[in-house]
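Since the structure comes first, as structure tokens, the remarks are kept for the end.
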Amino acid sequence: MKMDFSRELERYHDDYVTLLKEQQDEMRERRNCNRSRIINNIDKKYAISEKSFVIQGSYAMHTMVQDKENDYDIDDGIKIDENLLVNEYSRKLTPSEAKSLIHDIFKDDSRFKDKPSIEKNCVRIKYCEGYHVDIPVYKETNEGLKLAGKDDWEETDPKGVTSWFNHAVKDKSPNDDNDQMRRVVRLFKSFIRNNEKEGDDVPSGFIISKLVDEVYGSIDNKDKERLDSTFLSTGRRILNRLNKDLTIEHPVLEGKMLVDFGKTSKTEFFRRLLNDKIKEYDSNISKMSNTHYENVIKSWGILFNAKEEFEKVGKSFIGPSKLASENLVKVEKEGALGGYACA
């Protein structure tokens, strides 16, 4: 019986990577509570309603992943008409003052883990459960949204970024539900999160999504249909791409960089991690001629630094008693990735 590792990787993705329904519901509830608090407490002159909020980031792109420490980041921006962003003397508010409008609504609430903080590009609210909500503040102009940054109002397009990614997923994913590329992004976010160490400068989900998008179109459609093939092929292509250039252009804003020259520590980390883990995986797989299903499970567990989770995945398919005895032989080889058959 010929087999590949797609079903196991899909099970790992569904059980240990993508957010479970109860987690999604809790994120949505927190977001809605914050929105209601802002609407009910901000000065009415700013005319804030449900339509004022801008869902964005991994929450909007549906690429949030599970975290053992509940360290989730929900981005939920708010836009205010620039003509209303003035003080009592009709002076235009600075970015810092605009962020203070939102910060002051939450600052005296003792239910949070820490007091809300004003960050470079948002107001951050940390919950005792571990996750936090980032609230970017935008002024709405005739030319589009401007983000309240550290010192100035910056060009931005959060809705454009979400639209770019959703269209890329739909256009490039080969499967019936048009979601394979999104799964790959989630897997790479989990891959990095599991393997990072304290002090590592890891790439954001936005950077990961852009790199996946850049290389995904060049992958053969047959590989795309298998989640194991498309994950490894994407990783190899991203590594080749980063070996040539560590900078990354913004997908929507012309001339703007996600990673610019001289500020490449995040992509340098990703390149090193891919290089080391792919070499380790290739070495493990190349040693397998007549092998056991258990060894294949272990190789993927090492790759993702999730040995226990992959062992549970293996047991869910063939049972714990057969995991250590099920013989597999390699039946085809393409690079270091092959199919396996029960012997």
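The values are calculated or read from the model by the stated rules, or taken from the named source; none is laboratory data. In this text the structure is predicted, and so the values were computed from the model without any measurement. Cβ atoms come from the backbone with ideal geometry, glycine included; neighbour counts cover every protein chain shown. Only protein heavy atoms, including side chains, enter the accessible area calculation; ligands, DNA and RNA are left aside. Shrake-Rupley method; radii C 1.70, N 1.55, O 1.52, S 1.80 Å.
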Within the range 151-204, the residues that are within 23 Å of residue 54 (Cβ to Cβ), aromatic (Phe, Trp, Tyr) and free of Cβ contacts under 8 Å to residues at least 60 places away in the same chain are 153
If you check residue 248 against the conditions, is it surrounded by fewer than 22 Cβ atoms within 10 Å (Cβ to Cβ) and within 19 Å of the chain's Cα centre (by Cα)?
yes
So the helices (runs of 4 or more DSSP H) completely within the range 223-305 holding 3 or more residues that are modelled with pLDDT under 90 and touching a helix residue (DSSP H, G or I) at 6+ places or on another chain (Cβ under 8 Å) are 293-304
Taking residue 53 and the conditions (1) under 19 Å from the mean Cα position of the chain (by Cα); (2) open to solvent by less than 40 Å² (accessible area, probe 1.4 Å); (3) at pLDDT 95 or above, which numbered condition does it fall short on, given that it satisfies the others?
(1)
Cβ-Cβ distance below 7 Å, separation of 6 or more or different chains: which pairs start in the range 29-50 with a residue that is over 15 Å from residue 100 (Cα atoms) and end on one that is open to solvent by less than 50 Å² (accessible area, probe 1.4 Å) and charged (D, E, K, R)?
31/76; 34/76; 50/35
Does any residue of the range 207-218 turn out to be modelled with pLDDT under 95 and open to solvent by 10 Å² or more (accessible area, probe 1.4 Å)?
yes
From the residues in the range 84-105 that are open to solvent by 10 Å² or more (accessible area, probe 1.4 Å) and of a type in the set (A, V, I, L, M, F, W, C), which one is farthest from residue 148 (Cα to Cα)?
105
Looking only at the range 78-98, decide whether some residue is farther than 18 Å from residue 139 by Cα, within 30 Å of the chain's Cα centre (by Cα) and not charged (D, E, K, R).
no
The one condition in (1) farther than 25 Å from residue 233 by Cβ; (2) at pLDDT 60 or above that residue 321 fails to fulfil
(2)
Taking the range 82-106 and keeping only residues that are of a type in the set (Asp, Glu) and either touching a residue at least 60 places away in the same chain (Cβ under 8 Å) or in contact with a helix residue (DSSP H, G or I) (Cβ under 8 Å, 6 or more places away or on another chain) (or both), one is left with 82
Give 125, 105 a once-over and let me know the one that is outside any strand (DSSP E or B), aliphatic (A, V, I, L, M) and farther than 18 Å from residue 51 by Cα.
105
Checking the conditions here, which among 108, 114, 81 is acidic (Asp, Glu), at pLDDT 95 or above, surrounded by fewer than 19 Cβ atoms within 10 Å (Cβ to Cβ) and farther than 26 Å from residue 17 by Cβ?
81
Can you tell which of 224, 266 is within 18 Å of residue 200 (Cα to Cα) and surrounded by 14 or more Cβ atoms within 10 Å (Cβ to Cβ)?
266
For the range 11-30, how many residues are crowded, with 17+ Cβ neighbours inside 10 Å and in a helix (DSSP H, G or I)?
8
Hits in the range 104-138 (condition: aromatic (Phe, Trp, Tyr) and more than 13 Å from residue 30 (Cα to Cα))
106, 138
In the range 123-159, what residues are among the small types (Gly, Ala, Ser) and surrounded by 16 or more Cβ atoms within 10 Å (Cβ to Cβ)?
148, 149
